[in-house]
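Throughout, read-outs are computed from the coordinates displayed, never taken from laboratory work. All of these numbers come straight from a predicted model, not from anything done at the bench. Neighbour counts run over all protein chains shown; Cβ positions are idealised from the backbone, glycine included.
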Amino acid sequence: MARLPRLTVPHYPHHVIQRGNNQQVIFQDAQDFERMLDTVKEYAQKFAVAVHGYVLMPNHFHLLVTPTTGDALALMMQAVGRSYVRWFNQRHARTGTLWEGRYRSTVIEAERYLLACMVYIDLNPERARLVQNLTDWPWSSCAFHLGLRSDGLLTPHPLYWALGNTPFAREAAYRQLLQTGLDRDQTNALTDATLRGWALGGEKFVADLHSKTARRAVKASAGRPRIDKENKAI
């Protein structure tokens, strides 16, 4: 059976996951991490994709983005993947593929899931026990969202701005979201929808998506993506 094209809808937030082949390391040192961030920034600007959040992990990375056209995200990810692999292979004297197939992505309902997705992304280093303090991991959007550093890659989403009327209020509100964290169902829903490529949102949201794209947004006719509670978070 032919695989479905990715569900990509302009002006909606998308959660993206790209993993290393066979869980291999794709960032060996700080220079690799910096190169990927520079590459994402370059092609996000070129293809008009707003980046709201990110985390680079040793063997995979996450992005929270809003593309402005139907093909912007695919063009950006293709360019990022090719550019980084070419650079990585040359630098580390290797050949062959780096990625575990094509990137995975889903469209999310902003009002229900955007802030949860930001938290999900920024909590990754803590879940993986790479750091005890989230702000000690320099390769994520967490420090920016907490007001601890500037980041030219990021375009804050309006829902982040709505957390407070001042930077201090927004940062305090986001810190509280991080401290509260996500429950297992939220984590599994974000993981499952992204890996399977089905939209994550309520029935009205899914119906709106169906009016904007010919590609099916959900697997089940009920209008909600199935949550696999045994699927481990990434």
Could you grab the relative contact order for the chain? Cα pairs under 8 Å, six or more apart, rounded to a whole percent.
-> 24 percent
Please report 150, 141 as a ranked list, fewest other C-beta atoms within 10 angstrom at the top and most at the bottom.
-> 150, 141
Would you list 43, 120 from fewest to most Cβ contacts within 10 Å?
-> 43, 120
Exposure proxy check on 92, 157: fewest-to-most Cβ neighbours within 10 Å is 92, 157
Taking the radius of gyration and the Kirkwood hydrodynamic radius from Cα positions alone, what is the Rg/Rh ratio for segment 46-156, to two decimal places?
-> 0.97
Choose one of 58, 21, 180: the residue whose Cα lies farthest towards the positive end of the charge dipole of the chain (beta-carbon charges +1 Lys, Arg; -1 Asp, Glu; about the Cα centre).
-> 21
Taking N as the number of residues in the chain, what is its alpha-carbon radius of gyration divided by 2.2 N^0.38 Å?
-> 0.98
In segment 34-85, how does Rg compare with the Kirkwood Rh, expressed as the Rg/Rh ratio over alpha carbon atoms?
-> 0.93
